[in-house]
Amino acid sequence: MGIAISGTGLYTPAQSISNEELVEAFNAYVRKFNDQNKDAIAKGEVEALQESSVEFIEKASGIKARYVVEKEHTLDPDIMCPRFPERSNDELSILAEMGVLAARDAMKAADKTADDIDAVLVACSNLQRAYPAISIEVQDALGIDGFGFDMNVACSSATFGIQAAADMISAGNARSILVVNPEICTGHLNFRDRDSHFIFGDVATAVVLEDEEVVKTRDSFKILGTRLKTSFSNNIRNNFGFLNRTAPETAGDKDKLFVQEGRKVFKEVVPLVSDMIVSHLEDLGKSAHDLKRMWLHQANKNMNDLISRKVLGHDPDKDQAPVILDEYANTSSAGSIIAFHKYKSDMGVGDLGLICSFGAGYSAGTVVVEKIS
Ligand code: COA
């Protein structure tokens, strides 16, 4: 049986923060901190904070803006964190709400109703609560009879979810499966950390997978192969968790949000991912020359350019490796799926493409696809 991705969906929050707005808020915070601590700084007891710059952000990452669920408090130098009013248990949670919007978009694209879908996987970096699973809430809101579970493989959650869904359909455990990636990355970003305050944005994506024989719509892609890899690293880490309350003295430390050694990540992940892409293609009897397009994880433009050069042997043009991180920033698991969603309809039947994710873990995933309709 062949498995196809027959629909994709995207929910983009209404608000966006430009680099200029972000840096203005960050620098206001820095000036205030340095002013409030000027005596301690003069005595060498406290280190003065340094300002951020729009030029650095764009040059180091390629990011120009990011969509966010809540802008006002994120840009308030006294808060620098989104604020979401607590919802009652009778209301849809905010993560499920975003997921439902992306899922509806994907179901429409695949021409599927709730009756056609048997399972919902919510695959993302940050789950809003311990239980019940967000996927079961999404399943309920969409009126799907079946099962759902949540999974977290950080930035690689979408490709890991796609492989899990494809395997479950092949095994006969479901006919069609929704894989949903709601990412409120601003909730785990330290907006007071100069090295990383610009990195993330918010979004939700979704894909519908099913037996290729029952595909009804245009713009569908058969999965030729999936490959996953993990290799332990502390270079991207977030120690937030349910046991934080058992060590209250460190529960509010910086490592309870996203932290990374960006340079090391860059150096170690580029070869891991480019080798993985080349060997996966080889094992499928293909080469990089056969690829019309790569929808790469969207964390850093320089990183993607280097991976493309290693795989293709030359600089990619924007048709070969489309970029969305300039507008969306890093949206964790959703990045490669946003690129796939936006840049696939111009491809012809028979064209090959590659969805590729990488991130914390380390984790990486490749999905090789061929357009079938
Ligand atoms: N504004 C101005 N300057 C800044 C700055 C900011 N916001 N942040 C850091 N700098 C400075 C540093 O102080 C340093 O100055 P120095 O050379 O005088 O010491 C210089 O810029 C370079 O800093 P560095 O952290 O080495 O930058 P970089 O070129 O490695 O870029 C990243 C940083 C994070 C963009 C880059 O390493 C990266 O993208 N890595 C991969 C990250 C990734 O993919 N993570 C996956 C997340 S899921």
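The values are calculated or read from the model by the stated rules, or taken from the named source; none is laboratory data. Worth saying up front: this structure is predicted, and the values here are computed from it rather than measured. Here the Cβ is made from the backbone with ideal geometry for all residues, glycine too, and neighbour counts use every protein chain on show. Please note that ligands, DNA and RNA were not included when accessible areas were found on the heavy atoms of the full protein model with its side chains. Shrake-Rupley method; radii C 1.70, N 1.55, O 1.52, S 1.80 Å.
Being touching a helix residue (DSSP H, G or I) at 6+ places or on another chain (Cβ under 9 Å), near the ligand (Cβ under 10 Å from one of its atoms) and open to solvent by 50 Å² or more (accessible area, probe 1.4 Å) is the filter here; which residues of segment 248-272 pass it? Correct list: Phe266 only. Of the candidates Ala141, Ala158, the single residue that is touching a residue at least 40 places away in the same chain (Cβ under 8 Å) and crowded, with 23+ Cβ neighbours inside 10 Å is Ala158. Filtering Asp315, Asp275 for residues that are open to solvent by 20 Å² or more (accessible area, probe 1.4 Å) and either small (Gly, Ala, Ser) or modelled with pLDDT of 95 or more (or both) leaves a single hit, Asp275.
Among the residues here, Arg87 does not qualify as part of a helix (DSSP H, G or I) and open to solvent by 30 Å² or more (accessible area, probe 1.4 Å).
The single residue among Arg309, Arg293 that is outside any helix (DSSP H, G or I), in contact with a Pro (Cβ under 8 Å, 6 or more places away or on another chain) and surrounded by fewer than 24 Cβ atoms within 10 Å (Cβ to Cβ) turns out to be Arg293.
Sort out which residues of segment 226-239 are away from the ligand (no atom under 15 Å from the Cβ) and either buried (at least 18 other Cβ atoms within 10 Å of the Cβ) or under 30 Å from Gln15 (Cα atoms) (or both), and write them in order of number. Walk me through it before giving the result.
Filtering segment 226-239 for residues away from the ligand (no atom under 15 Å from the Cβ) gives 226-229, 232, 239.
Residues satisfying the conditions are Thr226, Arg227, Leu228, Asn239.
Could you list, in sequence order, the residues of segment 165-224 that are assigned to a strand (DSSP E or B), of a type in the set (A, V, I, L, M, F, W, C) and open to solvent by 30 Å² or more (accessible area, probe 1.4 Å)?
Within segment 165-224, the subset assigned to a strand (DSSP E or B) is 176-184, 200, 202-211, 221-224.
With of a type in the set (A, V, I, L, M, F, W, C) added as a condition, the list becomes 177-180, 184, 200, 203-204, 206-209, 221, 223-224.
Selection gives Leu224 alone.
With respect to Ala14, is the statement that it is away from the ligand (no atom under 16 Å from the Cβ) and at pLDDT 95 or above true? Here the answer is yes, as Ala14 does meet what is asked.
Of all residues in segment 126-138, those satisfying the criterion of being of a type outside the set (A, V, I, L, M, F, W, C) and open to solvent by 20 Å² or more (accessible area, probe 1.4 Å) are Asn126, Gln128, Arg129, Tyr131, Pro132, Glu137.
Take the conditions within 20 Å of Asn181 (Cβ to Cβ) and away from the ligand (no atom under 12 Å from the Cβ) and apply them to Ile277. Does it pass? Answer is no for this residue. Remark: Tyr343 matches the filter, which requires a residue to be out of contact with any Leu (no Cβ under 8 Å at 6 or more places or on another chain), farther than 18 Å from Leu224 by Cβ and open to solvent by 10 Å² or more (accessible area, probe 1.4 Å). Only residues that are of a type in the set (Lys, Arg) and farther than 20 Å from Gly187 by Cα were counted in segment 245-296, giving 6.
Taken as a whole, segment 144-154 holds at least one residue that is touching a Phe, Trp or Tyr at 6+ places or on another chain (Cβ under 8 Å), open to solvent by less than 40 Å² (accessible area, probe 1.4 Å) and touching a residue at least 40 places away in the same chain (Cβ under 8 Å).
Which residue is nearest to Ile5 (Cα to Cα), if the candidates are limited to segment 166-225 and must be of a type in the set (Phe, Trp, Tyr) and within 16 Å of the ligand (Cβ to nearest atom)? Once the filter is applied, the top-ranked residue is Phe200. Quickly run through segment 23-48 and pick out the residues that are within 16 Å of the ligand (Cβ to nearest atom) and either loosely packed, with under 12 Cβ neighbours inside 10 Å or assigned to a helix (DSSP H, G or I) (or both). Hits for segment 23-48 are Val23, Glu24, Ala25, Phe26, Asn27, Ala28, Tyr29, Val30, Arg31, Phe33, Asn34, Glu47.
May I ask you to list the residues in segment 49-76 that are within 10 Å of the ligand (Cβ to nearest atom) and open to solvent by 60 Å² or more (accessible area, probe 1.4 Å)?
Of segment 49-76, the ones within 10 Å of the ligand (Cβ to nearest atom) are 50-57, 59-63.
Hits for segment 49-76 are Gln50, Glu51, Glu55, Phe56, Lys59.
Filtered by the rule that a residue be within 23 Å of Pro271 (Cβ to Cβ) and out of contact with any His (no Cβ under 6 Å at 6 or more places or on another chain), segment 222-258 gives Gly225, Thr226, Leu228, Lys229, Thr230, Ser231, Phe232, Ser233, Asn234, Asn235, Ile236, Arg237.
For beta carbons closer than 6 Å, sequence separation of 6+ or different chains, a first residue in segment 259-276 that is of a type in the set (Phe, Trp, Tyr) and a second that is surrounded by 19 or more Cβ atoms within 10 Å (Cβ to Cβ), the qualifying pairs are Phe266/Met303.
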